[in-house]
Structures are given as structure tokens and as C-alpha cells.
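Worksheet: the structure to be examined is printed underneath.
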Amino acid sequence: MSDCLFCKISDGEISGDIVHQNDSVLAFNDINPQAPHHVLIIPRKHIPTTNDISDDDRDVLGEMYLAAKQIAAERGIADGGYRTVFNCNSDAGQKVYHIHLHLLGGRKMGWPPG
Ligand code: 5GP
Ligand code: ZN
């Protein structure tokens, strides 16, 4: 989508601190990290919210979690633990309307989340 920040990062139109990529997904460091490790994993396909995920997106959703798992292992936080989060719409605080899986780690997480 032409006016989407994360599509622009995926297309290379805007630079991102990319940590992992393949044909279907891209991962980059969050610009405003909320933990020592805060990576955003996105599909290259523009999907506005998790409400918009369709049957066709099964593979790319799996790719996103495989990327999260790999990045956590590379960063040495897999065994200690980490959190993966999708925020959907305003009550969850979604700000960028291109789905992104937050991978957060490197510190103790509270529960329930705020
Ligand atoms: P949301 O609140 O939509 O779940 O999360 C959006 C995330 O995108 C936030 O954690 C925010 O810091 C991050 N973000 C917003 N703009 C940019 C940007 O231009 N580059 C990067 N790398 N992250 C961004
Ligand atoms: Zn987009």
C-alpha cells in the first residue's frame, strides 16, 4: 500500500534496521524499544490488522513466528524467555496499521500487560 510506513520499509523506500528477511517476511529493530530486545516482524504483504488475516495468510503467519523463534535464539533469549505480541486496533494500542509481531526480550515482563 502506497501510504503505509511498514510497506515503505519493506520496499526499501524508508530505511529500517533490518535483522532478518526473506521473500515473505521482514524483521527490524523497533525505533522506540520497550525492552533490551524489541524487534518487529512484518509480512511483506499489506495486512492492516489481525482482523484482516485470511486463509491465504496461513503460511506467512507461520513464517513470522519462525522468524521470531530464530531471532530469539540468535540473541540468546530463547531459553530465558521472551514475549510475542500483536496489538489489534485502538483498545490494544495499535498505531501502525500493517500487522507486526512484537518480539520483546532481555528483561522480566509483567503480567497482565498494561
Ligand atoms: P503498535 O503500537 O502499532 O503495535 O506498534 C508500532 C510500533 O512501531 C511501535 O513499537 C513503534 O515504536 C514502532 N515504529 C513506529 N514507527 C517506526 C519506524 O519508523 N521505524 C521503526 N523501526 N519502528 C517504528
Ligand atoms: Zn503496509
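The values are calculated or read from the model by the stated rules, or taken from the named source; none is laboratory data. Given the structure is predicted, the values throughout are model-derived calculations rather than measurements. So basically every Cβ, Gly included, is an ideal-geometry build from the backbone, and we count neighbours across all protein chains shown. Only protein heavy atoms, including side chains, enter the accessible area calculation; ligands, DNA and RNA are left aside. Shrake-Rupley method; radii C 1.70, N 1.55, O 1.52, S 1.80 Å.
The table below gives the values:
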| quantity | calculated |
| --- | --- |
| Nearest 10 degrees, 0 to 90: helix 58-74 Cα axis against the chain principal axis | 40 |
| Whole-Hz couplings from phi, Karplus 6.51/-1.76/1.60, listed for segment 100-111; x for Gly and Pro | 8, 8, 7, 10, 10, x, x, 8, 5, 9, x, 9 |
| Sulfur and carbon atoms: percent of accessible area, the chain [1.4 Å] | 48 |
| Order of exposure, largest accessible area first, which applies to Leu61, Leu103 with probe 1.4 Å | Leu61, Leu103 |
| Signed unit charges on C-beta, dipole axis of segment 5-105, positive-most listed residue Leu61, Asn22, Pro36 | Pro36 |
| Between segment 14-68 and segment 84-104, the Cα center-to-center distance that results, in Å | 11 |
| Among Ser10, Gly76, Thr50 - extreme Cα towards positive end, dipole of the chain, charges at beta-carbon | Gly76 |
| Solvent accessible area, Å² - Lys69, 1.4 Å probe, full protein context | 130 |
| The chain, accessible area per residue, ligands and nucleic acids excluded (1.4 Å, Å²) | 60 |
| Shape call, segment 5-105: gyration tensor on alpha carbons, a/c limit 1.5 | rounded |
